[in-house]
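So the structure is just underneath, and the comments pick up after that.
Read the figures in this text as sums done on the coordinates, not as results from a lab. On a predicted model such as this, the values are computed, not experimentally measured, just so you know. Cβ coordinates were reconstructed from backbone atoms using ideal geometry, including for glycine residues, and neighbour counts include every protein chain displayed.
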Ligand code: CAO
């Protein structure tokens, strides 16, 4: 038995790197090439493997220490070895390619002014590395050094950056393909190559002067044939993951893959959120024990999920390269759309909506409205059907108080005031101004206030006071058209009346068919508060008020 000191191998231009993970402890039996510690700089991380098999006698570093080439990592008891100080780093000396010393990324014009070929740079002795991520797509404008691919072997992962700026013309590889040094992987257009003049297709690529400028994001890992050193550079910088690649070393990634653990769902507890082997193990235990589930499990069996039930755990939103199918334009959502969209989404997802449809016979009411407006033309106020509906809503809320409520935990807050919101379409999106104390106002006043609020809405001048405190909302598409729809409840309200365009329909009056003006109603309600029978009664009552408005005062 001899004590061998395992040292940090040649890590190229990395002057000092921090120890971020100890992968073994005294007493552990390690195999040759087994990773001992993980070190990391701001540009790269790498695992330092053991050059010998043996038993860890003593760790000479701890997390947080700075080490450099030649630093002793640990003392290993090795059968049949000669005692160090003879350095026990890999022999032959590991050929780690530091960024600044890395051979040129292979890029060369295919023709004098033609596209630039992007080839796999020197990745040391690694052969047949798999493409695990494609980070750009044809048509993308690419900057110099921008990462295009992530490739991974069992020992290392690395990003392959673009050797030049330009527009990505063509990808020559896809996820799952295996590549080797010199392989053509992409074509860039309109690019000024910053790299070597000729593609390097041999195993002994030439150094290129531009290498330093293209190297920082590259994780180059190389091991000699004896492969004592393996270097794993993550595809992102710590604490600032790029392209969604989890912050974990290649061996942890491999471990997760072997177990079938989706590593991007594992929460890292290591420094800067790094995912450790322990994290993968405890995630596995939780899933096996039923206290957690993977996204795939949740998507397959939401009803029997062992999860909290709070997260929707949906499939990711489809990513489509729309430009592939035709020309497109991009436009930012308006401020109102962003706010209302987020509110509508929450309400749609969290409230169990049901919508009841019905019709109101507004023949007589419309005749009265038209006549009233004619008689009062000079007043400057146009009485709208919506104003009658607001008044009818107040009467229906009085008769069915649970419609004028809000849920607050296990309690229902029943309101004794009647503030009615109405959806207004504006050039910038949907807003819902509120008519306050509609029970205390007449139809003319409501019409006038609605006209003022609708104008304010269109001019983008509504303030928070104009849009808060609503008890119930009406969304009228009557001026536009349509038959029925499913309005989304305006939380914390518990119901909303949707109205579409009235139309003349033949109705049987007991003796004959008569033309009646029918108004389509669509009442959406929160099933946690209201049940179907109440909703049907509300609609019937609401319709009866519009059919004969005298009932309002009864
Ligand atoms: N059936 C038939 N005609 C109707 C009608 C109905 N249910 N409701 C209104 N109309 C008629 C009006 O009588 C008016 O006709 P005249 O010009 O001949 O008098 C015309 O349609 C236009 O009405 P209006 O839209 O100016 O007035 P309103 O009171 O009906 O609506 C407002 C006001 C602000 C609610 C409306 O302009 C609006 O923005 N509606 C859209 C609401 C919306 O987007 N809802 C969807 C929300 S969910 O995404």
Run the numbers for residue 281 and residue 513: contour at 0.36 nm per residue of separation, minus the present Cα-Cα distance, in nm. 76.1 nm
Can you give the Kirkwood hydrodynamic radius of the stretch 1-80 from its Cα pairs, in Å with one decimal? 12.4
Express the Stokes-Einstein translational diffusion coefficient of the stretch 426-549 in µm² s⁻¹, to the nearest whole number, given a Kirkwood radius over alpha-carbon pairs, 37 °C and a viscosity of 0.692 mPa s. 200
What's the extension gain from residue 357 to residue 189 if we count 0.36 nm per residue and subtract their Cα-Cα distance? 54.7 nm
Report the paramagnetic label zone for residue 376: residues of the stretch 385-414 whose backbone N is under 16 Å from a point 7 Å from Cα along the Cα-to-Cβ axis. 385-392
Ordered by packing density, taken as the mean number of other Cβ atoms within 10 Å over each peptide's residues, highest first, how do 504-510, 23-29 rank? 23-29, 504-510
Quick calc: nm separation of the 7 Å Cα→Cβ label points for residue 445 and residue 484 -> 3.6
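For the stretch 425-490, go through all pairs of different Cα atoms, get the mean of 1/r, take its inverse, and jot down that Kirkwood value in Å.
Computed over the stretch 425-490, the radius equals 13.1 Å.
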The alpha-carbon center of the stretch 464-509 and that of the stretch 17-63 are separated, in whole Å, by 67
Report the relative contact order of the stretch 1-40, percent, no decimals, based on alpha-carbon pairs under 8 angstrom and at least 6 residues apart. 43
Can you tell me the FRET efficiency between residue 537 and residue 32 if r is taken as the Cβ-Cβ distance and R0 is 60 Å, rounded to the nearest 0.05? 0.15
Please sort 327-334, 418-425 by packing, taking for each peptide the average over its residues of neighbouring beta carbons within 10 angstrom, highest first. 418-425, 327-334
q = 0.11, 0.12 Å⁻¹, the stretch 353-461: log10 I(q)/I(0) [Debye, one scatterer per Cα]: -0.44, -0.52
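Looking at the square roots a ≥ b ≥ c of the eigenvalues of the Cα gyration tensor of the stretch 285-423, which shape do they give, rounded for a/c under 1.5, prolate if a/b is larger than b/c, or oblate?
Here the stretch 285-423 falls in the oblate category.
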Estimated inter-spin distance, residue 66 and residue 291, nm [label 7 Å along Cα→Cβ]: 4.0
How long is the gain from residue 414 to residue 334 if the chain were fully straight, where each residue apart is worth 0.36 nm and the alpha carbon distance is subtracted? 25.3 nm
Relative contact order computed over the stretch 412-537 (Cα-Cα under 8 Å; 6+ residues apart), in percent: 20
For a protection proxy built on the mean count of beta-carbon atoms within 10 angstrom, sort 285-295, 542-552 highest first, please. 542-552, 285-295
